[in-house]
Amino acid sequence: MRNLLALLLLAGTAAAGEPTLDPVKLERFVLQDCGSCHGLTLKGGLGPDIRPETIEHYDAEGLKTVILDGIPDTAMPPWRPLLTEDEATWIADYLLKGKTP
Ligand code: HEC
């Protein structure tokens, strides 16, 4: 019993110490989840084109707000329930840099 407790504590510490950002996972999230509306290459679909040249009127902060809060009265949903602030910042940078094909 005491060993189990120690294991649980260890597991908890390991999880807390892990980096919260996983670029591979986040890139997949952007292409699949955002891509389901914005197109798999983010060129637009149900949602508009969100490649760097079309979102250059946003700065990283503004983009992060759009990602976390969505755009009210449109199909663009708020992602706050699914993403942390850091993840949203990562995605904003990612979109502005345009590492997508
Ligand atoms: C359910 C469909 C849907 C999903 C999923 C979705 N969006 Fe959107 N998004 C939209 C729509 C529709 C708009 C346009 C809203 C409007 O009319 O202004 C939009 C607008 C945007 C804009 C503003 C574009 C501009 O030029 O003003 C950004 C940036 C954006 N989305 C990023 C994202 C990101 C990043 C994700 C994934 C975390 C995402 N969207 C997921 C539907 C979606």
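The values are calculated or read from the model by the stated rules, or taken from the named source; none is laboratory data. Note that the structure is a prediction, hence the values are computed from the model and not measured. With ideal geometry, Cβ positions are generated from the backbone for all residues, glycine too; neighbour counts draw on all protein chains shown. In case anyone asks, the SASA skips ligands and DNA or RNA and just uses the protein heavy atoms, side chains included. Shrake-Rupley method; radii C 1.70, N 1.55, O 1.52, S 1.80 Å.
Does the stretch 26-51 hold any residues that are hydrophobic (A, V, I, L, M, F, W, C) and either assigned to a helix (DSSP H, G or I) or open to solvent by less than 30 Å² (accessible area, probe 1.4 Å) (or both), and which are they?
Kept after step one, since they are hydrophobic (A, V, I, L, M, F, W, C), are these residues of the stretch 26-51: 26, 29-31, 34, 37, 40, 42, 46, 50.
Hits for the stretch 26-51 are L26, F29, V30, L31, C34, C37, L42, I50.
Filter the stretch 58-97 for residues that are over 19 Å from E27 (Cβ atoms) and among the β-branched types (V, I, T); which is surrounded by the fewest Cβ atoms within 10 Å (Cβ to Cβ)?
Result: T74.
Can you pull out every residue in the stretch 54-67 that is more than 9 Å from the ligand (Cβ to nearest atom) and either of a type in the set (A, V, I, L, M, F, W, C) or touching an Asp or Glu at 6+ places or on another chain (Cβ under 8 Å) (or both)?
A60, K64
Restricting the stretch 64-101 to residues that are among the small types (G, A, S) and within 16 Å of D49 (Cα to Cα), which is farthest from the chain's Cα centre (by Cα)? Step through it out loud before you land on a result.
First, pick out the residues of the stretch 64-101 that are among the small types (G, A, S): 70, 75, 88, 92, 98.
Now drop any that are not within 16 Å of D49 (Cα to Cα), which leaves 70, 75, 92, 98.
Values: G70: 12, A75: 17, A92: 8, G98: 14 Å.
The extreme case among them is A75.
Here are some residues: L9, L21. Which one is over 14 Å from the mean Cα position of the chain (by Cα) and at pLDDT below 95?
On the way: L21 fails: over 14 Å from the mean Cα position of the chain (by Cα).
Testing whether each residue is over 14 Å from the mean Cα position of the chain (by Cα) and at pLDDT below 95 leaves just L9.
Determine, yes or no, whether L95 is at pLDDT 95 or above and within 8 Å of the ligand (Cβ to nearest atom).
Details: at pLDDT 95 or above: yes; within 8 Å of the ligand (Cβ to nearest atom): yes.
Answer is yes for this residue.
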